[in-house]
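The values are calculated or read from the model by the stated rules, or taken from the named source; none is laboratory data. No experiment lies behind these values; they were computed from the predicted model shown. Here the Cβ positions follow ideal geometry from the backbone for every residue, glycine too, while neighbour counts run over all protein chains shown. Heads up: the accessible areas ignore ligands, DNA and RNA and are worked out on the full protein's heavy atoms, side chains in. Shrake-Rupley method; radii C 1.70, N 1.55, O 1.52, S 1.80 Å.
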Amino acid sequence: MSEPSPPVLISESAIDARVRELAREISDDYSNGDGIVLIGVLKGAFIFLADLSRRLTIPRTIEFIAVSSYEDSDVSSGAVRLVMDVRGNIEGRDVLIVEDIVDTGHTLSYLIGMLESHGPASIRTCALLHKAERAEVEVNIDYLGFGIGDEWVVGYGLDFVEKDRTLPYIGVIDPND
Ligand code: PRP
């Protein structure tokens, strides 16, 4: 028997409408440049990046980056490790980091610092979701889809132990169930 679907927090149509708005805003802001590099943070950002990138009306190229959190007790909590760097040269380019969710902020904060060392012309950030009350480090989100509470969310790229990533909406689960 299949399990019931998680209750809806943000519907497919609400996501679609917000992604279109974000794409318009980003396209306007960069309309005088020579295009941007979108850097998707694997794995969670892959669906958001796919939809957002197709809605943009400015020249864009796509890169991916992968990180992993240190779970080692020897290492201070919040430390982030680079698993896969960008392949293309981003020196002198306008970069937009695309995240599915900003939680404590450690991942995005690390990525901004790391990507700065590649010498881009600028770095901005775009996240579909932000859990403000979980923030441990301050990090600026230039383009934000939705602020959410401290809930465990799945779908539209986000998972719970690799489950529910491909739900078409953002749902809420109780990880203790
Ligand atoms: C999630 C999300 C961000 C990060 C945010 O990734 O995609 O990259 O956590 O958390 P933070 O603000 O506390 O650093 P996750 O580790 O779940 O990996 P995944 O994207 O591969 O599922």
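Among the residues of segment 106-118, is any within 13 Å of residue 48 (Cα to Cα), buried (at least 22 other Cβ atoms within 10 Å of the Cβ) and under 13 Å from the mean Cα position of the chain (by Cα)? No, segment 106-118 contains no residue that is within 13 Å of residue 48 (Cα to Cα), buried (at least 22 other Cβ atoms within 10 Å of the Cβ) and under 13 Å from the mean Cα position of the chain (by Cα).
Quick check: is even one residue across segment 60-83 more than 17 Å from the chain's Cα centre (by Cα), more than 28 Å from residue 21 (Cα to Cα) and at pLDDT 95 or above? No, every residue in segment 60-83 fails to be more than 17 Å from the chain's Cα centre (by Cα), more than 28 Å from residue 21 (Cα to Cα) and at pLDDT 95 or above. Once segment 6-15 is narrowed to residues that are assigned to a loop (DSSP other than H, G, I, E, B) and open to solvent by 20 Å² or more (accessible area, probe 1.4 Å), the residue that is farthest from residue 170 (Cα to Cα) is 7. Criterion first (over 16 Å from the mean Cα position of the chain (by Cα) and open to solvent by less than 30 Å² (accessible area, probe 1.4 Å)) does residue 121 satisfy it? Answer is no for this residue.
Within segment 33-51, the set of residues being open to solvent by less than 10 Å² (accessible area, probe 1.4 Å), away from the ligand (no atom under 16 Å from the Cβ) and part of a loop (DSSP other than H, G, I, E, B) comprises just one member, 35.
Hey, among the residues in segment 78-102 that are open to solvent by less than 40 Å² (accessible area, probe 1.4 Å) and in a loop (DSSP other than H, G, I, E, B), which one's nearest to the ligand (Cβ to nearest atom)? Residue satisfying both the conditions and the ranking: 78. I'd like to know if segment 16-32 contains one or more residues that are more than 16 Å from the ligand (Cβ to nearest atom), outside any helix (DSSP H, G or I), surrounded by fewer than 16 Cβ atoms within 10 Å (Cβ to Cβ) and not small (Gly, Ala, Ser). Among the residues of segment 16-32, at least one is more than 16 Å from the ligand (Cβ to nearest atom), outside any helix (DSSP H, G or I), surrounded by fewer than 16 Cβ atoms within 10 Å (Cβ to Cβ) and not small (Gly, Ala, Ser), which makes the answer yes. Counting only strands (runs of 3 or more DSSP E) that sit wholly inside segment 129-177, those with at least 3 residues that are in contact with a helix residue (DSSP H, G or I) (Cβ under 8 Å, 6 or more places away or on another chain) are 143-147.
For segment 156-176, does any single residue satisfy the condition of being over 19 Å from residue 6 (Cα atoms), more than 12 Å from the chain's Cα centre (by Cα), open to solvent by 30 Å² or more (accessible area, probe 1.4 Å) and within 12 Å of the ligand (Cβ to nearest atom)?
No, the conditions are met nowhere in segment 156-176.
Quick check on residue 3: is it within 18 Å of residue 162 (Cα to Cα) and either in a helix (DSSP H, G or I) or without any contact (Cβ under 8 Å) to a residue 24 or more places away in the chain (or both)? Here the answer is yes, as residue 3 does meet what is asked.
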